[in-house]
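Visitor: Starting off with a structure, shown below.
The values are calculated or read from the model by the stated rules, or taken from the named source; none is laboratory data. If you're wondering where the values come from, they're calculated on a predicted model, not measured in any experiment. Methodologically, a virtual Cβ is constructed for each residue, glycine included, from the backbone with ideal geometry; neighbour enumeration extends over all protein chains shown. Areas reflect the complete protein model, heavy atoms only, side chains present, ligands, DNA and RNA absent. Shrake-Rupley method; radii C 1.70, N 1.55, O 1.52, S 1.80 Å.
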Amino acid sequence: MLSRVSKVKHHLILAILIGLGLIITLVSSQDVSAKRINVPLDLSLESSSHSPLPENNADWPQLNSNWHSYTVKRGETLSALFSRANLSNNDLYSLIHSPDLTTNLARLMPGQQLHFLLDDNGKLKTTRFDHSMTKMSLFERQDNGKFIENILQREPEKELRYSEGVIKDAFFNAGKDANLSQQTIMNLANIFGWDIDFTLDMRPGDSFKVLYYEELLDGSYYRDGDILAAEFTNQGTTYRAVRYTDKEGNTDYYSEDGRSMRKQFLRSPMDFARISSHFTTRRYHPVLHKFRSHKGTDYAARRGTPIKATGSGKVVSAKVSRSYGKYVVIQHGSRYTTLYAHMNGFAKGIRSGAKVRQGQTIGYVGSTGLASGPHLHYEFRVNGIHKNPVTVKLPAAEPIAAKERERFEQYASNLLSNFGTQGNVQIAAVKNSQ
Ligand SMILES: [Zn+2]
């Protein structure tokens with residue numbers, strides 16, 4: 001019966017929900033008792049996104065009292081665990097020497113679990129190993145005595161959630177009060193982080209609204225999924241963002257009028273880095289011991305700290321020079337280049353001609369070339385002219401394409417019409433004729 005499970009694939013859940021209109025569960029942070037309202041919301045556009053459909057969780061085998069579970073102890077071998085479970089050497093031998101196994105059970109880590117199902121004679125029939133909450137391997141004995149491995153995977157069920165909050169002291173606390181997970185709080189900050197500095201700009205009275213997926217396994221909370229739409233009011237200015245997947249399957253966040261929420265460049269090539277030397281036209285060079293201009297920004301960081309490409313583009317140099325040491329130059333379109341110097345080493349695949357995405361690690365902090373200690377020297381050039389990377393006006397990323405605009409606007413207005421006004425949750429049942 002168990003072997004049948006892996007072959008049964010249902011795509012019922014999402015299909016039914018899309019057909020009938022998704023049920024949205026609302027949690028109003030205004031109400032201490034966290035009132036939940038079910039409202040039909042037609043998100044037909046979602047059905048054309050490229051995400052795989054979930055399998056039916058009803059087919060996910062549950063452990064019961066017939067299974068014998070063992071947790072791998074520190075330093076315990078598979079053979080030691082088998083003898084602790086009173087299983088024979090023959091069982092162990094045929095399990096690990098069966099052909100075509102994908103998972104190497106000899107590489108188990110302490111704390112991981114094996115579950116055994118025995119036949120009436122106490123002989124091993126099935127071994128189960130859970131890779132994660134959504135992936136398991138079932139090793140099942142065949143008539144010839146060998147085991148075959150069935151790998152089962154499932155997608156969490158998704159439910160829409162709406163939440164909103166007002167900041168009293170810190171954004172993080174307001175997020176917690178609104179029942180948001182740490183992950184969703186971080187995601188919100190990332191979406192609006194291009195316009196709002198979440199460490200310096202926050203003020204009491206700032207507010208947010210967010211429509212997001214909650215993912216469930218076996219009917220219980222598993223984790224928060226993607227944010228579909230969000231609003232943030234900071235010091236009187238309201239920003240709105242909609243997650244949109246275009247016809248080619250590219251997903252990004254856009255303002256309701258179709259501008260990208262992102263800039264074409266990250267402000268800094270490293271997270272939480274301290275600026276040790278600013279861009280200037282005249283400065284004393286600590287190694288050369290003379291005055292010269294400094295045409296970039298230095299970030300002090302530990303040797304080996306990952307360096308990110310601040311924008312997508314093409315590597316035009318990844319080489320070594322006497323002054324820059326190991327350095328990378330990236331060309332972004334026809335106007336912009338960025339340079340990253342004194343690297344300890346390049347990231348895998350970083351060579352002249354390689355394409356890189358914004359945020360991709362291109363190398364690691366070092367002190368090669370003329371450097372008094374480990375740091376990153378970062379340059380930003382517009383039409384070949386050096387600009388101050390800290391203050392240069394960063395161009396916005398590409399807006400919604402003209403051929404996507406009508407589809408996007410319909411989708412965005414449907415989503416955003418679900419956001420209440422004046423702090424009240426006012427939900428409209430939206431029909432999308434798409
Ligand atoms: Zn420098």
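Visitor: Does segment 151-172 contain at least one residue that is free of Cβ contacts under 8 Å to residues at least 60 places away in the same chain and in contact with a strand residue (DSSP E or B) (Cβ under 6 Å, 6 or more places away or on another chain)?
Guide: no
Visitor: Please work out if Thr361 is under 22 Å from Arg267 (Cβ atoms), β-branched (Val, Ile, Thr) and open to solvent by 40 Å² or more (accessible area, probe 1.4 Å). Give the steps one after another, and end with the answer.
Guide: Numbers: under 22 Å from Arg267 (Cβ atoms): yes; β-branched (Val, Ile, Thr): yes; open to solvent by 40 Å² or more (accessible area, probe 1.4 Å): yes.
Spelling it out, Thr361 is indeed under 22 Å from Arg267 (Cβ atoms), β-branched (Val, Ile, Thr) and open to solvent by 40 Å² or more (accessible area, probe 1.4 Å).
Visitor: Within segment 221-235, how many residues are more than 20 Å from the chain's Cα centre (by Cα), open to solvent by less than 70 Å² (accessible area, probe 1.4 Å) and more than 18 Å from Asn418 (Cβ to Cβ)?
Guide: The number of residues fulfilling the criteria is 1.
Visitor: Would you check which residues across segment 332-358 are crowded, with 16+ Cβ neighbours inside 10 Å and closer than 14 Å to Phe380 by Cα and list them?
Guide: Within segment 332-358, His332, Tyr336, Thr337, Thr338, Leu339, Tyr340, Ala341 qualify.
Visitor: Say whether the condition of being under 15 Å from Gly165 (Cα atoms) and of a type in the set (Asp, Glu) is met by at least one residue in segment 211-226. Walk me through it before giving the result.
Guide: We begin by selecting, within segment 211-226, every residue under 15 Å from Gly165 (Cα atoms); these are 211-212.
Still in the list and also of a type in the set (Asp, Glu): none.
For segment 211-226, residues under 15 Å from Gly165 (Cα atoms) and of a type in the set (Asp, Glu): absent.
Visitor: Report the residue count in segment 299-322 for those that are under 15 Å from Arg267 (Cα atoms) and more than 16 Å from the ligand (Cβ to nearest atom).
Guide: 4
Visitor: Being in contact with a strand residue (DSSP E or B) (Cβ under 6 Å, 6 or more places away or on another chain) and farther than 22 Å from Gly359 by Cα is the requirement here; does Lys295 meet it? Don't jump to the end; show me each part of the working.
Guide: Values: in contact with a strand residue (DSSP E or B) (Cβ under 6 Å, 6 or more places away or on another chain): yes; farther than 22 Å from Gly359 by Cα: yes.
Judged against the criteria, Lys295 is a match.
Visitor: A follow-up question, please. For segment 220-229, check the following and say yes or no: at least one residue is under 20 Å from Asn179 (Cα atoms) and polar (S, T, N, Q).
Guide: Step one: filter segment 220-229 for residues under 20 Å from Asn179 (Cα atoms), giving 220-229.
Then keep just the ones that are polar (S, T, N, Q); that gives 220.
Yes, that holds for at least one residue.
Visitor: Among the numbered conditions (1) more than 13 Å from the ligand (Cβ to nearest atom); (2) surrounded by 17 or more Cβ atoms within 10 Å (Cβ to Cβ); (3) aromatic (Phe, Trp, Tyr), tell me where Phe279 comes up short.
Guide: (1)
Visitor: From the list Gly325, Gly296, pick out the single residue that is within 14 Å of the ligand (Cβ to nearest atom), of a type in the set (Gly, Ala, Ser) and closer than 28 Å to Trp194 by Cβ.
Guide: Within the list Gly325, Gly296, the selection yields Gly296.
Visitor: Another question, if that's okay. Quick test of your reading of the structure: Asp224 fulfils all but one of (1) out of contact with any helix residue (DSSP H, G or I) (no Cβ under 6 Å at 6 or more places or on another chain); (2) under 30 Å from Gln62 (Cα atoms); (3) charged (D, E, K, R). Name the failing condition by number.
Guide: (1)
Matching residues to (1) closer than 25 Å to Lys393 by Cα; (2) among the acidic types (Asp, Glu):
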| site | (1), (2) |
| --- | --- |
| Asp298 | yes, yes |
| Ala309 | yes, no |
| Phe346 | no, no |
| Ala354 | no, no |
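Visitor: Continuing with the same structure: If I filter segment 392-410 for residues that are closer than 30 Å to Arg282 by Cα and out of contact with any strand residue (DSSP E or B) (no Cβ under 6 Å at 6 or more places or on another chain), do I get at least one hit?
Guide: As a first pass, look at segment 392-410 and keep what is closer than 30 Å to Arg282 by Cα: 392-395.
Narrowing further to those that are out of contact with any strand residue (DSSP E or B) (no Cβ under 6 Å at 6 or more places or on another chain): 393, 395.
Scanning segment 392-410, I find at least one residue that is closer than 30 Å to Arg282 by Cα and out of contact with any strand residue (DSSP E or B) (no Cβ under 6 Å at 6 or more places or on another chain), so the answer is yes.
Visitor: State which residue is nearest to the ligand (Cβ to nearest atom) when the search covers only segment 345-372 and only residues that are of a type outside the set (A, V, I, L, M, F, W, C) and within 13 Å of Pro306 (Cβ to Cβ).
Guide: Gly366
Visitor: Looking at Pro286, Pro269 in this structure, which one is closer than 13 Å to His377 by Cβ and within 25 Å of the chain's Cα centre (by Cα)?
Guide: Just one listed residue meets the conditions, Pro269.
Visitor: Related question: Could you tell me whether any residue of segment 247-265 is surrounded by 14 or more Cβ atoms within 10 Å (Cβ to Cβ), among the β-branched types (Val, Ile, Thr) and either more than 16 Å from the ligand (Cβ to nearest atom) or in a strand (DSSP E or B) (or both)?
Guide: No, because not a single residue in segment 247-265 is surrounded by 14 or more Cβ atoms within 10 Å (Cβ to Cβ), among the β-branched types (Val, Ile, Thr) and either more than 16 Å from the ligand (Cβ to nearest atom) or in a strand (DSSP E or B) (or both).
Visitor: Please tell me if Ala309 is within 24 Å of the chain's Cα centre (by Cα), in contact (Cβ under 8 Å) with a residue 24 or more places away in the chain and crowded, with 17+ Cβ neighbours inside 10 Å.
Guide: Yes.
Visitor: Check whether at least one residue in segment 391-413 is within 14 Å of the ligand (Cβ to nearest atom) and surrounded by fewer than 19 Cβ atoms within 10 Å (Cβ to Cβ), and report yes or no.
Guide: Filtering segment 391-413 for residues within 14 Å of the ligand (Cβ to nearest atom) gives none.
Among the residues of segment 391-413, not one is within 14 Å of the ligand (Cβ to nearest atom) and surrounded by fewer than 19 Cβ atoms within 10 Å (Cβ to Cβ), which makes the answer no.
Visitor: Residues His386, His375, His342: which one is in contact with a Ser or Thr (Cβ under 7 Å, 6 or more places away or on another chain), at negative phi and within 13 Å of the ligand (Cβ to nearest atom)?
Guide: Just one listed residue meets the conditions, His375.
Each row is one residue, and each column tells you yes or no for (1) modelled with pLDDT under 90; (2) under 22 Å from Asn86 (Cβ atoms).
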residue	(1), (2)
Pro99	yes, no
Thr103	no, no
Ala106	yes, yes
Gly111	no, yes
His115	no, yes
Leu118	no, yes
Thr126	no, yes
Met133	no, no
Arg141	no, yes
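Visitor: What are the residue pairs meeting all of these: first residue in segment 203-220, first residue free of Cβ contacts under 8 Å to residues at least 40 places away in the same chain and open to solvent by 20 Å² or more (accessible area, probe 1.4 Å), second residue assigned to a strand (DSSP E or B) and of a type in the set (Ser, Thr, Tyr), Cβ atoms under 9 Å, and 6 or more apart or on different chains?
Guide: Within 9 Å, the pairs are Gly205/Thr233.
Visitor: Kindly indicate whether Tyr239 is surrounded by 17 or more Cβ atoms within 10 Å (Cβ to Cβ), aromatic (Phe, Trp, Tyr) and within 22 Å of Arg161 (Cα to Cα).
Guide: Criteria met by Tyr239.
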